[in-house]
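For reference, the structure is listed below as structure tokens.
The values are calculated or read from the model by the stated rules, or taken from the named source; none is laboratory data. What you see is a predicted model, and the numbers here were worked out from it, not measured in a lab. We place every Cβ from the backbone using ideal geometry, glycine too, and count neighbours over all the protein chains shown.
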């Protein structure tokens with residue numbers, strides 16, 4: 001009996017030692033993972049600090065550059081380093097939105113530098129206002145760099161707490177106030193609230209990101225009217241039997257009612273729509289129907305897309321100019337043609353099921369954001385004159401057509417659109433209809449989804 005007890009005791013001791021060893025091994029693994037993750041986050045923070053340092057230095061230098069050829073390398077470096085610093089911000093494990101102002105500042109600084117690169121390439125020097133903006137950006141970058149260095153030095157002197165930040169971020173919480181990095185970065189965000197708005201000719205300009213939709217008209221509607229609009233809009237012939245209800249209110253630049261249109265039990269697809277609160281225009285619609293096998297003629301699908309959009313947007317002369325097919329669906333880009341000019345900013349997209357031609361998706365967000373009454377001037381160049389400005393290796397498919405296109409800064413410019421090829425590669429070129437300068441180049445790439453542009 002005593003021998004059995006000694007054997008059992010030995011077995012328990014071995015088991016206990018085994019469990020202890022396993023626990024220590026697991027703890028060691030967790031410590032190694034924490035160390036690895038902490039190192040990765042520290043590297044991301046270092047990228048942010050280094051990027052802001054280089055930005056500050058080049059922002060100071062560019063004010064001393066005496067010619068566009070001297071400015072271009074410096075401005076290009078600012079643009080590049082702002083992007084690298086932004087990438088560092090994106091890897092820091094803070095809850096979404098907690099470094100929004102830092103990211104916005106870096107995006108605007110880089111984008112503004114890029115806009116000046118394009119001017120310098122045309123031989124245009126920054127004017128007094130541009131120099132003032134560069135000086136202001138230099139001051140803000142200098143202050144941001146000092147703050148980040150302070151955080152980095154404190155973090156080097158003690159426990160950084162990257163894992164605490166990551167755990168808080170995963171739960172959408174603010175890092176503990178005792179955390180050096182988390183606390184410091186929150187303070188940076190507070191200080192950047194005092195930075196004046198930056199208005200310039202670029203997509204990250206404050207006046208661009210805060211712009212209002214130009215295509216919405218009329219008074220604000222209520223939920224009942226939104227439900228009536230949604231019922232009338234969906235393509236189902238059985239729509240009168242469907243149940244319609246507002247399920248949410250959408251905020252943002254285009255406030256809307258989110259509406260569900262559900263069929264009676266046992267049949268049909270459910271439609272979801274956003275109906276703009278101002279005026280009651282449908283912003284987008286989507287159907288839940290699963291597409292079966294089958295392939296309808298592409299021209300018939302195009303006709304159905306155009307008919308659907310024209311019936312719901314009376315008076316808007318929409319026509320399909322491009323299409324992309326994927327997973328039994330074909331999406332058509334419909335563009336209004338006004339006075340023989342294609343108005344690309346007012347694009348509407350309609351998706352058609354290839355098995356039976358049913359409308360599956362409608363998207364008028366671009367149209368509602370950009371549409372306005374425009375006065376299109378007569379181009380300075382004729383089509384023949386513009387054609388002579390094409391690159392010598394470019395072979396156009398035919399005559400150019402007038403097209404109004406948006407620029408990076410969301411201005412609009414009248415162009416001649418040419419589709420053609422250089423060797424075996426296909427391109428779309430947009431030449432300024434007044435100066436003949438190239439405004440945009442798109443490469444047309446074959447894919448399993450049809451031709452796509454990039």
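Side notes on the structure shown:
- Index of the failed condition, residue 238 passing every other in (1) within 25 Å of residue 305 (Cβ to Cβ); (2) surrounded by fewer than 18 Cβ atoms within 10 Å (Cβ to Cβ); (3) without any contact (Cβ under 8 Å) to a residue 60 or more places away in the chain; (4) within 30 Å of the chain's Cα centre (by Cα): (4)
- Looking across the stretch 369-404, just one residue is assigned to a helix (DSSP H, G or I), closer than 15 Å to residue 419 by Cα and in contact (Cβ under 8 Å) with a residue 40 or more places away in the chain, and that is 386.
- Taken as a whole, the structure places residue 318 among residues that are in contact with a strand residue (DSSP E or B) (Cβ under 6 Å, 6 or more places away or on another chain) and buried (at least 22 other Cβ atoms within 10 Å of the Cβ).
- Lone unmet requirement of (1) modelled with pLDDT of 50 or more; (2) surrounded by fewer than 12 Cβ atoms within 10 Å (Cβ to Cβ) for residue 223: (2)
- Annotation for the stretch 267-286: at least one member residue is part of a loop (DSSP other than H, G, I, E, B), without any contact (Cβ under 8 Å) to a residue 40 or more places away in the chain and surrounded by 17 or more Cβ atoms within 10 Å (Cβ to Cβ).
- Just one residue in the set 101, 54, 80 is in a helix (DSSP H, G or I), out of contact with any strand residue (DSSP E or B) (no Cβ under 8 Å at 6 or more places or on another chain) and at pLDDT below 85; that residue is 101.
- The one condition from (1) buried (at least 17 other Cβ atoms within 10 Å of the Cβ); (2) at pLDDT 85 or above; (3) assigned to a loop (DSSP other than H, G, I, E, B) that residue 231 does not meet is (3).
- Strands (runs of 3 or more DSSP E) lying entirely in the stretch 308-351 (those with 2 or more residues that are within 27 Å of the chain's Cα centre (by Cα) and within 26 Å of residue 290 (Cα to Cα)): 318-326, 329-338
Condition check ((1) out of contact with any helix residue (DSSP H, G or I) (no Cβ under 8 Å at 6 or more places or on another chain); (2) exposed (fewer than 15 other Cβ atoms within 10 Å of the Cβ); (3) at pLDDT below 95) across all residues:
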{"site": "398", "(1), (2), (3)": "yes, yes, yes"}
{"site": "406", "(1), (2), (3)": "no, no, yes"}
{"site": "409", "(1), (2), (3)": "no, no, yes"}
{"site": "413", "(1), (2), (3)": "yes, no, yes"}
{"site": "416", "(1), (2), (3)": "no, no, no"}
{"site": "429", "(1), (2), (3)": "yes, no, yes"}
{"site": "437", "(1), (2), (3)": "yes, yes, yes"}
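- Residue 123 being in the same structural domain as residue 54 (by the TED database) and on the phi > 0 side of the Ramachandran plot: yes
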